[in-house]
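Worksheet for the structure shown next.
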Amino acid sequence: MREIEIVKPKTDNYTTVLWVSRHTPLPSQIRFLRNYFGDIKLVQISGVIPTAEHLIPYIERYKPKVVVPVLPLSFIARLCDLAKRYRFTLLWAKMNLLHNDRDEPCEEFDPETDVIVAPNRHFRFECFKIIREVKLVLEDLQ
């Protein structure tokens, strides 16, 4: 795993955000975080993350107020437990799927808010939501 400081704080009064994803945040996502939290320090953790516990050294080093994970739901569920212990808030980037398998380049693409994920899945950032818990509800086959 590697860490990159994407946004450096401008003051001594800032909120640290840990961005756990191989994708860098979109300009609109950074703006949203700044509008909500004020001055921020945003550190991206990317690479192969075998378990949620592998993030603990980064959480202990940076003491983030916010963690934005783009990870499997099982990892996010474990991060919900760690969030209580280490006192950070988990955020989910709500992305709307605009279309699948459309020929590129897409005339609707906006680099401020959009990302294209292979194969040609076009997503647009809407907002962040707080993750409180991850729950799996099962039902017997009838």
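The table below gives the values:
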{"item": "Which numbered condition Y62 misses (of (1) closer than 15 Å to F128 by Cα; (2) in contact with a strand residue (DSSP E or B) (Cβ under 9 Å, 6 or more places away or on another chain); (3) in contact (Cβ under 8 Å) with a residue 40 or more places away in the chain; (4) not hydrophobic (A, V, I, L, M, F, W, C))", "result": "(1)"}
{"item": "Residue in the stretch 33-40 that is in a helix (DSSP H, G or I), touching a helix residue (DSSP H, G or I) at 6+ places or on another chain (Cβ under 8 Å) and free of Cβ contacts under 8 Å to residues at least 40 places away in the same chain present", "result": "no"}
{"item": "Enumeration of residues in the stretch 41-57 that are surrounded by fewer than 17 Cβ atoms within 10 Å (Cβ to Cβ), in contact (Cβ under 8 Å) with a residue 40 or more places away in the chain and not in a loop (DSSP other than H, G, I, E, B)", "result": "S46, H54"}
{"item": "Test: D110 is closer than 27 Å to P9 by Cα, in a loop (DSSP other than H, G, I, E, B), in contact (Cβ under 8 Å) with a residue 12 or more places away in the chain and not hydroxyl-bearing (S, T, Y)", "result": "yes"}
{"item": "Which listed residue is at pLDDT 95 or above and either over 14 Å from the mean Cα position of the chain (by Cα) or small (G, A, S) (or both), from V43, V48, V7, V17", "result": "V7"}
{"item": "Given (1) assigned to a loop (DSSP other than H, G, I, E, B); (2) loosely packed, with under 15 Cβ neighbours inside 10 Å; (3) at pLDDT 95 or above, number of the condition N96 does not satisfy", "result": "(1)"}
{"item": "Within the stretch 65-92, considering residues that are out of contact with any strand residue (DSSP E or B) (no Cβ under 8 Å at 6 or more places or on another chain) and of a type in the set (A, V, I, L, M, F, W, C), the one farthest from K135 (Cα to Cα)", "result": "L82"}
{"item": "The stretch 1-32, subset touching a Ser or Thr at 6+ places or on another chain (Cβ under 9 Å) and part of a strand (DSSP E or B), residue farthest from F128 (Cα to Cα)", "result": "R2"}
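The values are calculated or read from the model by the stated rules, or taken from the named source; none is laboratory data. Note that this is a predicted model, so its numbers are computed, not measured. Positions of Cβ are backbone-derived with ideal geometry, glycine not excepted, and every protein chain shown enters the neighbour counts.
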